[in-house]
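A.B. asks: Structure below; questions to follow.
The values are calculated or read from the model by the stated rules, or taken from the named source; none is laboratory data. Here the structure is a predicted model, which means the values were calculated and not measured. Cβ placement follows ideal geometry from the backbone for every residue including glycine, while neighbour counts extend to all protein chains displayed.
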Amino acid sequence: MLLAFGNFTADPSVNLQLLIGGLALGAIYAVVALGFVLVYKSTDVLNLAHGEFLMLGAYFALTFLISENLNFFLGVFVLLLVMLVFGLLVHYGIMRRMVGQGFFAIVLITLGIATIIRALLLIFYGPTERARLDLLPQGSFEVGGATVRHVDLIIFAVVAACVLLFFLFFKYTRLGLHMRAVADDIEAAAAMGIDPDKVYAMTWAAAMVMAGVGGLLFGHVTGAIDRSIEAIGLRAFPAAVVGGLTSLGGSIVGGLVVGVIEQFANGHLGTKWREPVAFSVMFVVLLVRPTGLWGRKDLERV
Amino acid sequence: MSGGGLNLRIQGLTVVYGGVTALDNVNISVPSGGFVSVLGANGAGKTTLVRSITSLLHLHKGRVRRGSIELGGKSILGKKSPDIVAAGVAQVPEGRKLFPNLTVKENLLCGAASRSDVSGIDESLEQNLELFSQLRPLLNQTAGLLSGGEQQMVAVGRALMSQPSLLICDELSLGLAPKIVHRLFELLTEINETRGTSILVIEQNASLALQHANDAYVLELGRVLMEGTAAELRGNPMVQELYLGGGGEAHTSYAAIERPSRSRPLEHGQRPPVAES
């Protein structure tokens, strides 16, 4: 009966291969989930346009790194700078006016932003799909019978570095502190002289920059770059939920866990089981622990 | 700081939430270096007064319809809250409103959001820890896990981090043991006397507030019902009856909270005092 699902194997090298692929995929989910959780935690907005943000990053990578053929590091810098400006535009142009409005009105606004981004990409880039990015080293090496691609290792390292930077930023900078204060209690933050408007603007900018990094990385592992890659936003959703929507650290672990589970489902059960298994994990976690594995209710003593 | 002039001057302040008037033509002044109390029961408009001064009304869909608010002679009405903090107004909000997931130290540092002088901020932090010495070992604790009294100290310390010329405390005594409340009021007096910080205390606990303040106002249903020196109000029979639990002796009690001031005279078959004016 089980055989009907696919070919289970206890071969350690196959499982190692799946683990490596899963971690690389999970690292990308983690970056996406991190941006998603950042916005949710800091501004209380469930941003359904985050997949589109990442897609925007991937297309801009095409423009600056392939079409304009900039030096790699200069190109990445320009890419992230442009993403930052777009993040500020999202806040000052749209989200700022929605502060204090109903939760669902704001969620619908983010859906609107997603639609606008898809439309703009269609207008400026056309409907044809583009080849995936190939700027990172393409080689591979063998470990214990499993093939490790350089690109996967680099993705993992970049994500780890981003996460580390993120945590240092939140823990040790004034702006990071103010962002956490606003996330805790916006009125108290305003009463202390913290300007929530600026904090929100920086949050959207940071989320957009994270999406730029995610787009650049995902652009290297996706089959092709077209307007379907926004689906990664939805795919990273289980990662964010499993980790707990309010936990930045949880979103990282959630991303890795979901990535690995997906790869194992893919390898042992077949491609069609990837998403059902990933979302089943999300359901189970939500049923058992509605706040996610690391999400917590705010500490409060009354 | 205490040059004899006024620190805060509120004139003809009228505030509405939608169609409901919360403050009606209120005049309140705090002299430079003064200690002023505003008394009143629930719904008297005390918190609205704080929100008006600190420009947080819009978060509660309220707005100033008439009147003026000046700090040190300059209008602060209509400024954004960060600018008001920078101008010298700090507050200890009702219910403390600490950042529960941040540490004590981080909470204190948030109070210095309006400042950019790094060494000055460190100095203020150290001053705070001298004033509230029991917070020193708790600096890296998550604020949400502290006791109520410790949290209130963090809230006062956080407000002081902006080096305010005016410190506003909204219901400092709420939910705390009388002993701790006494200690907090002593500390406020110390801050007032040693640093010259003007203090505006919004309180239900009238006996304590009148004991420490120089001047006081009684707010009722959005209007200033009475004003005078704290000694005058302590000696006023109506204040004794309504806010000091009838005895005239200033002892800490929650009687003023438990017996709504408006219903009390009616129980005795009297007319409400407001109606006579």
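A.B. asks: Test of understanding: among B:N101, B:N128, which residue is surrounded by 15 or more Cβ atoms within 10 Å (Cβ to Cβ), at the interface with chain A (Cβ under 8 Å from one of its Cβ atoms), at negative phi and free of Cβ contacts under 8 Å to residues at least 60 places away in the same chain?
C.D. replies: Going through B:N101, B:N128 in turn, just one is surrounded by 15 or more Cβ atoms within 10 Å (Cβ to Cβ), at the interface with chain A (Cβ under 8 Å from one of its Cβ atoms), at negative phi and free of Cβ contacts under 8 Å to residues at least 60 places away in the same chain: B:N101.
A.B. asks: Hey, does segment B:38-45 have a residue that's touching a residue at least 40 places away in the same chain (Cβ under 8 Å), within 16 Å of B:D215 (Cα to Cα), touching an Asp or Glu at 6+ places or on another chain (Cβ under 7 Å) and of a type outside the set (A, V, I, L, M)?
C.D. replies: Yes, that holds for at least one residue.
A.B. asks: Condition first: in a helix (DSSP H, G or I), out of contact with any Pro (no Cβ under 8 Å at 6 or more places or on another chain) and over 21 Å from A:V213 (Cα atoms). Can you find one or more residues in segment A:181-188 that meet it?
C.D. replies: Within segment A:181-188 (the criterion being in a helix (DSSP H, G or I), out of contact with any Pro (no Cβ under 8 Å at 6 or more places or on another chain) and over 21 Å from A:V213 (Cα atoms)), the answer is yes, since at least one residue qualifies.
A.B. asks: Determine whether segment A:160-167 contains at least one residue that is within 14 Å of chain B (Cβ to nearest Cβ) and in contact (Cβ under 8 Å) with a residue 60 or more places away in the chain.
C.D. replies: no
A.B. asks: What residue, of B:L167, B:L172, B:L135, B:L139, is surrounded by fewer than 19 Cβ atoms within 10 Å (Cβ to Cβ), in contact (Cβ under 8 Å) with a residue 12 or more places away in the chain and more than 12 Å from chain A (Cβ to nearest Cβ)? Please lay out each step first, then the result.
C.D. replies: Numbers: B:L167 fails: surrounded by fewer than 19 Cβ atoms within 10 Å (Cβ to Cβ); B:L172 fails: surrounded by fewer than 19 Cβ atoms within 10 Å (Cβ to Cβ); B:L135 fails: surrounded by fewer than 19 Cβ atoms within 10 Å (Cβ to Cβ).
Just one listed residue meets the conditions, B:L139.
A.B. asks: Out of all the residues in segment A:215-230, is one or more in contact with a Lys or Arg (Cβ under 8 Å, 6 or more places away or on another chain), in contact (Cβ under 8 Å) with a residue 60 or more places away in the chain and within 14 Å of another protein chain (Cβ to nearest Cβ)?
C.D. replies: The answer is no, given that none of the residues of segment A:215-230 is in contact with a Lys or Arg (Cβ under 8 Å, 6 or more places away or on another chain), in contact (Cβ under 8 Å) with a residue 60 or more places away in the chain and within 14 Å of another protein chain (Cβ to nearest Cβ).
A.B. asks: I've got another one for you. Please verify whether segment B:17-26 includes one or more residues that are at positive phi, in a loop (DSSP other than H, G, I, E, B) and out of contact with any Lys or Arg (no Cβ under 8 Å at 6 or more places or on another chain). Break it down stepwise before answering.
C.D. replies: Going residue by residue through segment B:17-26, those that are at positive phi are B:18, B:25.
The next check asks that each one be in a loop (DSSP other than H, G, I, E, B); those that pass are B:18.
If we keep only those that are out of contact with any Lys or Arg (no Cβ under 8 Å at 6 or more places or on another chain) as well, we get none.
There is no residue in segment B:17-26 that is at positive phi, in a loop (DSSP other than H, G, I, E, B) and out of contact with any Lys or Arg (no Cβ under 8 Å at 6 or more places or on another chain).
A.B. asks: All but one of (1) free of Cβ contacts under 8 Å to residues at least 60 places away in the same chain; (2) in a helix (DSSP H, G or I) hold for B:A155; state the number of the condition that does not hold.
C.D. replies: Single failed check for B:A155: (1).
A.B. asks: From the list B:V30, B:V36, pick out the single residue that is at pLDDT 95 or above, under 14 Å from the mean Cα position of the chain (by Cα) and closer than 21 Å to B:L242 by Cα.
C.D. replies: B:V36
A.B. asks: Then there's this: Taking segment B:114-125, which residues are surrounded by fewer than 22 Cβ atoms within 10 Å (Cβ to Cβ), within 11 Å of another protein chain (Cβ to nearest Cβ) and among the hydroxyl-bearing types (S, T, Y)?
C.D. replies: Listed by number, the list holds a single entry, B:S116.
A.B. asks: In addition: Please enumerate the residues belonging to segment B:175-188 that are surrounded by fewer than 20 Cβ atoms within 10 Å (Cβ to Cβ) and not in a loop (DSSP other than H, G, I, E, B).
C.D. replies: B:P178, B:K179, B:I180, B:H182, B:R183, B:E186, B:L187
A.B. asks: Next question, about the same structure. Within the bounds of segment B:66-74, is there any residue that is under 21 Å from B:E203 (Cβ atoms) and in contact (Cβ under 8 Å) with a residue 40 or more places away in the chain?
C.D. replies: Going through segment B:66-74, the residues under 21 Å from B:E203 (Cβ atoms) turn out to be B:69.
Next, from what is left, pick out any that are in contact (Cβ under 8 Å) with a residue 40 or more places away in the chain: B:69.
Looking through segment B:66-74, at least one residue is under 21 Å from B:E203 (Cβ atoms) and in contact (Cβ under 8 Å) with a residue 40 or more places away in the chain.
A.B. asks: Also, quick follow-up: Contact list please: Cβ distance under 8 Å, first residue in segment A:265-290 and free of Cβ contacts under 8 Å to residues at least 24 places away in the same chain, second residue acidic (D, E) and assigned to a helix (DSSP H, G or I), pairs at least six apart or on different chains.
C.D. replies: Within 8 Å, the pairs are A:R274/A:E262; A:V277/A:E262.
A.B. asks: Can you find a residue that is under 30 Å from A:W273 (Cα atoms), modelled with pLDDT of 90 or more and surrounded by fewer than 21 Cβ atoms within 10 Å (Cβ to Cβ) anywhere in segment A:82-104?
C.D. replies: No; the residues of segment A:82-104 include none that is under 30 Å from A:W273 (Cα atoms), modelled with pLDDT of 90 or more and surrounded by fewer than 21 Cβ atoms within 10 Å (Cβ to Cβ).
A.B. asks: Also: Could you tell me which of the residues A:G233, A:G292, A:G267 is under 26 Å from A:L165 (Cβ atoms) and in a helix (DSSP H, G or I)?
C.D. replies: A:G233
A.B. asks: If A:W294 satisfies all but one of (1) under 17 Å from the mean Cα position of the chain (by Cα); (2) within 14 Å of chain B (Cβ to nearest Cβ), what's the number of the condition it fails?
C.D. replies: Of everything listed in (1) under 17 Å from the mean Cα position of the chain (by Cα); (2) within 14 Å of chain B (Cβ to nearest Cβ), A:W294 misses just condition (1).
A.B. asks: Which condition number in (1) under 14 Å from the mean Cα position of the chain (by Cα); (2) within 20 Å of B:P100 (Cβ to Cβ) is the one that B:I202 fails?
C.D. replies: If we test B:I202 against (1) under 14 Å from the mean Cα position of the chain (by Cα); (2) within 20 Å of B:P100 (Cβ to Cβ), just (2) comes out false.
A.B. asks: Quick one: B:G111 ticks every box in (1) more than 20 Å from B:I199 (Cα to Cα); (2) buried (at least 20 other Cβ atoms within 10 Å of the Cβ); (3) within 11 Å of chain A (Cβ to nearest Cβ) except a single one, so which number is it?
C.D. replies: Here B:G111 clears every test but (1).
A.B. asks: While we're on this one: Residue check: is A:F218 surrounded by fewer than 18 Cβ atoms within 10 Å (Cβ to Cβ) and assigned to a helix (DSSP H, G or I)?
C.D. replies: Taking the combined requirement at face value, the residue does not satisfy it.
A.B. asks: Which residue out of A:V143, A:V148, A:V182 is buried (at least 20 other Cβ atoms within 10 Å of the Cβ) and either at pLDDT below 90 or within 14 Å of chain B (Cβ to nearest Cβ) (or both)?
C.D. replies: Just a single option satisfies the conditions, and that option is A:V182.
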